[in-house]
Amino acid sequence: MIIKVIPAIDYSVRRLCPKPYYNHPRGCPNFGRKKGCPPGAPLFDQVYDISQPVYAIINEFDIGSHIERMREKHPEWSEHQLKCVLYWQGGARKQLKGRCIEFLRSHPGYQIEMCPEAMGVNITETLRSVGIELEWPPVHIARQVALAGIRKKRKFFLNNSCI
């Protein structure tokens, strides 16, 4: 699904990255290490021209059916194991990447951000504004979201004069 959106810029979403979660007492292991992750990630509205159309590229993964298939296949697994991202997220991300490639073919000049939250975009609020509710945590449908936008034009300086 591809839908035009107005990104909900909220830099505080970047503070979620170092928050503890299951088996990660210091938060996301990519925080401060991976290029494109906070705190070094640039801010969306400083990189992209938000006066131009911005699109959400959304992949919907039926996590409910996946959990039921895993439950039948592995009846001894805990609820946490059944929902574990290791068993579904790679395939879902591959689908999202394919949708992004399709989008770029028909939208010259656009660039894709696969992790807009790292750039200070509140994806939950962005999608809510267009009538799409995200499940937290996902029970039926897990959605991965990329944003597509047009980069701001850089100003070049030569001998202290703007060109």
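Points to keep in mind about this one:
- Any hit, region 60-82, residues being touching a residue at least 12 places away in the same chain (Cβ under 8 Å) and within 16 Å of the chain's Cα centre (by Cα): yes
- Residue within region 83-101 that is touching a residue at least 60 places away in the same chain (Cβ under 8 Å), out of contact with any helix residue (DSSP H, G or I) (no Cβ under 9 Å at 6 or more places or on another chain) and over 20 Å from Ala8 (Cβ atoms) present: yes
- Scan of region 43-74 for residues that are within 18 Å of Asn122 (Cα to Cα) and part of a loop (DSSP other than H, G, I, E, B), ordered by number: Leu43, Asp49, Ile50, Ser51, Pro53
- One residue stands out among those in region 2-15 that are open to solvent by 60 Å² or more (accessible area, probe 1.4 Å) and over 14 Å from the mean Cα position of the chain (by Cα): the one that is modelled with the lowest pLDDT, which is Arg15.
- In region 39-49, the qualifying residues are those that are touching a helix residue (DSSP H, G or I) at 6+ places or on another chain (Cβ under 8 Å) and surrounded by 17 or more Cβ atoms within 10 Å (Cβ to Cβ), and the one that is farthest from Ala8 (Cα to Cα) is Ala41.
- Remark: Lys19 matches the filter, which requires a residue to be closer than 23 Å to Glu133 by Cβ, of a type outside the set (Asp, Glu) and outside any strand (DSSP E or B).
The values are calculated or read from the model by the stated rules, or taken from the named source; none is laboratory data. Keep in mind that this is a model prediction, so the values were computed, not measured. Using ideal geometry, Cβ is built from the backbone for each residue, glycine included, and neighbour counts are taken over all protein chains shown. Areas reflect the complete protein model, heavy atoms only, side chains present, ligands, DNA and RNA absent. Shrake-Rupley method; radii C 1.70, N 1.55, O 1.52, S 1.80 Å.
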